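One structure below.
The values are calculated or read from the model by the stated rules, or taken from the named source; none is laboratory data. Predicted model only: the values in this text are computed from it and were never measured. When we count neighbours, we look across all protein chains shown, and the Cβ atoms used for this are built from the backbone with ideal geometry, even at glycine. The protein model used for the area step is the full one, side chains on, heavy atoms only, and it has no ligands, DNA or RNA in it. Shrake-Rupley method; radii C 1.70, N 1.55, O 1.52, S 1.80 Å.
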Amino acid sequence: MRFYTRTHRNYCGVDLHARSMYVCVMNQEGEVLLHRRTKGVPQGGVISPLLSNVYLTQVDLMLEKAKAVTREGPYECVEYARFADDLVILVDGHPRHDRLLRQVNRRLREELAALEVEVNEEKSRTCDLAKGESFGFLGFDIRRVRSARGKWYALATPKQKKRTELLGRLREVFASHRSQPVAHVIARINPMLRGWVGYFAYGNSSVCFSFVRDWVDKKVRRHLARNSKRSGFGWKRWSRRWLTTHLGLFADYRVSYGPRQKALPVR
């Protein structure tokens, strides 16, 4: 399993090799086969996030201690966020905290080495948000930008790759259901849209959501026009409200701007 850590001053990727685990496999006859492995976890397996959370608890505890030790009054010089095997570590960018970057990097490598985790140097890089650089985390592109009022904030937008993948899956549905009633098409695409939008409905996704919604609306309009042997998109014939209320097309593209709850490691 590939494990990545990223920070705005440091980025590294490592290979995670668990000491031992059991893999359960069910054959065609329904018999459960138990196979013992000495290293590793199944790539892409449903149990991989759980194993990562259990195995990397010591890393969380180390980072929690680093936060407490480096705190300067009400300000935190080190922060982190981890989801399964994806971890972000943020170090304050002030020059006097350059030592923290080196110390956190060293302590992280020591903790991973104790867990028999090898650092993948090819996936390691330095990212400085103050220089306009960005990093990816859990499908988002994150960068530092200045607001209209002159305040700096973190801009989190869905990766273009994720949007392209969604539109590709939707395009396949429209192509394979070309001769089907529009109700069948909407029944297929609504769960896809609901899940994708629900995941990315945080941060600054409104521009991306507007693009996706306009794209889907046009596809549905062309499907309606083709089935009724009409040309164009039927802008006057079918309103957006009619598409959502009468046909039931997914329309909940709201973005939540509140912070997500962070789970602390078990002590």
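Data table
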{"read-out": "Members of the stretch 153-185 that are basic (Lys, Arg), closer than 24 Å to Thr244 by Cα and surrounded by 15 or more Cβ atoms within 10 Å (Cβ to Cβ)", "value": "Arg163"}
{"read-out": "Number of the exception - Leu100 against (1) more than 28 Å from Pro49 (Cβ to Cβ); (2) within 23 Å of the chain's Cα centre (by Cα)", "value": "(2)"}
{"read-out": "Matching residues, the stretch 196-211, being surrounded by fewer than 17 Cβ atoms within 10 Å (Cβ to Cβ) and either modelled with pLDDT of 95 or more or among the polar types (S, T, N, Q) (or both)", "value": "Ser206, Ser210, Phe211"}
{"read-out": "Single residue of Gly248, Gly232 found to be at pLDDT below 90, more than 30 Å from Phe135 (Cα to Cα) and not aliphatic (A, V, I, L, M)", "value": "Gly232"}
{"read-out": "Restricting the stretch 70-105 to residues that are touching a residue at least 60 places away in the same chain (Cβ under 8 Å) and among the small types (Gly, Ala, Ser), the residue that is farthest from Val117 (Cα to Cα)", "value": "Gly93"}
{"read-out": "Qualifying positions in the stretch 212-245 - within 30 Å of Tyr153 (Cβ to Cβ), surrounded by 12 or more Cβ atoms within 10 Å (Cβ to Cβ) and either free of Cβ contacts under 8 Å to residues at least 12 places away in the same chain or of a type in the set (Phe, Trp, Tyr) (or both)", "value": "Trp215"}
{"read-out": "Residues of the stretch 52-69 satisfying the condition of being open to solvent by 50 Å² or more (accessible area, probe 1.4 Å), over 17 Å from Arg109 (Cβ atoms) and touching a residue at least 24 places away in the same chain (Cβ under 8 Å)", "value": "Asn53"}
{"read-out": "Any hit, the stretch 255-265, residues being over 30 Å from Leu56 (Cβ atoms), modelled with pLDDT under 90, of a type in the set (S, T, N, Q) and surrounded by fewer than 15 Cβ atoms within 10 Å (Cβ to Cβ)", "value": "no"}
